[in-house]
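Colleague: Below: one structure in structure tokens.
The values are calculated or read from the model by the stated rules, or taken from the named source; none is laboratory data. Just so you know, these numbers come straight off a predicted model, no measurement behind them. FYI the Cβ positions are ideal-geometry reconstructions off the backbone, even for glycines, and counts take in every protein chain you see. Surface areas here come from the heavy atoms of the whole protein model, side chains and all, with no ligands, DNA or RNA. Shrake-Rupley method; radii C 1.70, N 1.55, O 1.52, S 1.80 Å.
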Amino acid sequence: MTMPVKDAPFLEERTAAVMESVFNDPIVKKALEQAVPQEIFTIEEQIEICEVPAPPMKEQTRAAMIAEKINSYGLEASIDPVGNVIACRKGTDPDGPVCVISAHMDNSFREGTDTTVRRQNGRLFAPGISDASRALACMLQVIRMVVNNDIKTKGTLLFIATVGQEAEGDLRGVKRIFYSSGIHVDGVLVLDGADPGRLLYGSVGSKRYKIEYSGPGGHSYLNFGQYPSATQALCRAGAAG
């Protein structure tokens, strides 16, 4: 916890009060204290994740790895039809809310990119070492802390490593969860980004549009000036936008 709840002005009073009570719970405090010395292990796991390539649309190898790790930490993981890795921690109340804790598996680097991690002056360097290897490692850390300390929650926790966040993925993993999986979700906490002290409330969407320009065609040299160019219209529209 990098910021005391009382110093987070963006939180509603009721939300802040609930968070304060959670952080003051003895079992939760114990888990958070245990997590600090385990940071070394978490970083090593972050490196391990990073070195398993997960270019856009090809997250399968990393998904298998994440599923195996989740299973070893005490939850049962499965991979859905689009490639999301899902693990459930049942709440004590069958009618309690369902909260998703997620991190995306893909990175934005093309297939064949060397993701070997190098250490230099106490820092880690590699394509994807932060986004999203760190978030995945943190999600796994939360799973370990919840399971090892037998933390009980009224609602159900769904841990989901998603596909399709980067490039042409079009959020296909998240869209599967909300639109066609049949899973009821009451709240979502997404682990992403490099600033551990930053909490964003809300979300952005992903909308894709297909725009076509057509024209009579013609040779770009011989017919220059005679016919309107669809390519030029497209470029002008892009520049004007």
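Colleague: Go over the candidates SER206, SER214 one by one and state the one that is surrounded by 11 or more Cβ atoms within 10 Å (Cβ to Cβ) and over 30 Å from LYS154 (Cα atoms).
Modeller: None of the other options fit; the residue is SER206.
Colleague: Continuing with this model, one more query. Scanning the range 123-137 for residues that are among the aliphatic types (A, V, I, L, M) and in contact with a strand residue (DSSP E or B) (Cβ under 6 Å, 6 or more places away or on another chain), which turns out modelled with the lowest pLDDT?
Modeller: Among them, the one singled out is ALA132.
Colleague: Let me ask something additional. Out of the residues in the range 25-57 that are among the β-branched types (Val, Ile, Thr) and open to solvent by 40 Å² or more (accessible area, probe 1.4 Å), state the one that is farthest from VAL117 (Cα to Cα).
Modeller: ILE27
Colleague: Just to verify a result, which residue in the range 173-190, among those that are within 14 Å of ILE79 (Cα to Cα) and of a type outside the set (Val, Ile, Thr), is least open to solvent (accessible area, probe 1.4 Å)?
Modeller: Out of the qualifying residues, it is GLY173.
Colleague: Quick one: is GLY193 touching a residue at least 12 places away in the same chain (Cβ under 8 Å), under 13 Å from the mean Cα position of the chain (by Cα), open to solvent by less than 60 Å² (accessible area, probe 1.4 Å) and over 30 Å from PHE23 (Cβ atoms)?
Modeller: no
Colleague: Hey, can you tell me all the residues within the range 184-211 that are touching a Lys or Arg at 6+ places or on another chain (Cβ under 9 Å) and over 21 Å from THR15 (Cβ atoms)?
Modeller: ALA194, SER206
Colleague: Across the range 98-115, what is the number of residues that are open to solvent by less than 50 Å² (accessible area, probe 1.4 Å), within 19 Å of ASN84 (Cα to Cα) and out of contact with any Ser or Thr (no Cβ under 6 Å at 6 or more places or on another chain)?
Modeller: Adding up the residues that qualify gives 7.
Colleague: Next up: Please go through the range 58-97 and pick out each residue that is open to solvent by 90 Å² or more (accessible area, probe 1.4 Å), out of contact with any strand residue (DSSP E or B) (no Cβ under 7 Å at 6 or more places or on another chain), under 22 Å from ARG144 (Cβ atoms) and in contact (Cβ under 8 Å) with a residue 60 or more places away in the chain.
Modeller: THR92
Colleague: Right, another one. Six or more apart or on different chains, Cβ atoms under 7 Å: show the pairs whose first residue is in the range 29-40 and on the phi > 0 side of the Ramachandran plot and free of Cβ contacts under 8 Å to residues at least 12 places away in the same chain and whose second is of a type in the set (Ser, Thr, Tyr) and surrounded by 13 or more Cβ atoms within 10 Å (Cβ to Cβ).
Modeller: Qualifying pairs under 7 Å: none.
Colleague: What number of residues within the range 205-230 are within 30 Å of GLN165 (Cα to Cα) and among the polar types (S, T, N, Q)?
Modeller: Qualifying residue count, the range 205-230: 1.
Colleague: So, of the residues in the range 116-156 that are under 25 Å from ASN71 (Cα atoms) and among the hydroxyl-bearing types (Ser, Thr, Tyr), which turns out to be least open to solvent (accessible area, probe 1.4 Å)?
Modeller: Out of the qualifying residues, it is SER133.
Colleague: Can you spot a residue in the range 196-212 that is within 25 Å of TYR73 (Cα to Cα) and of a type outside the set (S, T, N, Q)?
Modeller: yes
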